[in-house]
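This report refers to the structure that appears directly beneath it.
Values in this text are rule-based calculations from the coordinates and carry no lab data. Because the structure is predicted, anything quoted here is derived from the model rather than measured. A quick note on method: Cβ atoms are made from the backbone with ideal geometry, for glycine too, and the neighbour counts reach across all protein chains shown.
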Amino acid sequence: MSLLVPPPTSAPITQPRLGQLTAEWVRWFKDLWGAVAPAGHWIGVPFNAANFGPYGGGTVTVTSSQVTFNYYTIIGRTLIWSLQIAAATIGGTGCTGLVLNSPVMNTNQFLGGADPSAYLNLNGSVFPALINAVNSSQILVQKLDGSAWPAGGFYMYMTATFALKDK
């Protein structure tokens, strides 16, 4: 679907200058996807410790200085999210993954499917990681075999691509 489908309550598109869309079109895009920038622009995600949690038990501690890169972009109905976490910690036992809140908080935004485009460094051992949408606003990062993460420091690097559902 092209973004050049008229907003439901809008008059036909006008272009004051070549390559410039009216404010109504930009507003419609923002409303449709909850974005804060035009399509294709990278958007920084403000730090919030509540966006990171353990899966299966234990604790995960991530501070703002440990999130070295957290940006996303939306192109059409595709969300591309790049996130790097450095020297965060896992406490306790039983943690088998990291739950991440999506940077775009619209319901039903992820279509199912897995994306193995991440890796983990758990106490110095490197593992490929599986990324999967677990519900409409969260993803899960796990080791490929789903085994527990050891307590201690971890690094996580990902660039994940998700198809978005209609709002």
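Points to keep in mind about this one:
- Gyration tensor (alpha-carbon) shape descriptor, the range 56-102, a/c threshold 1.5: oblate
- Proximity of backbone amide H atoms, modeled 1.01 Å from N, is registered between Val60 and Gly91 at under 5 Å, excluding neighbours fewer than 5 places apart on the same chain.
- Fully extending the segment from Asn121 to Ser136, taken as 0.36 nm per residue of separation minus the present Cα-Cα distance, adds 2.7 nm.
- Inter-label distance, nm, simple model (7 Å from Cα along the C-beta direction), Thr63/Thr78: 3.8
- Placed amide H near Ser136: partners under 5 Å, 5+ positions off or other chain: Asn108
- Under 5 Å, built H, 5+ apart or other chain: amide partners of Gly97: Tyr55, Trp149
- Three-way shape call for the range 43-163 based on the alpha-carbon gyration tensor, with the a/c threshold at 1.5: prolate
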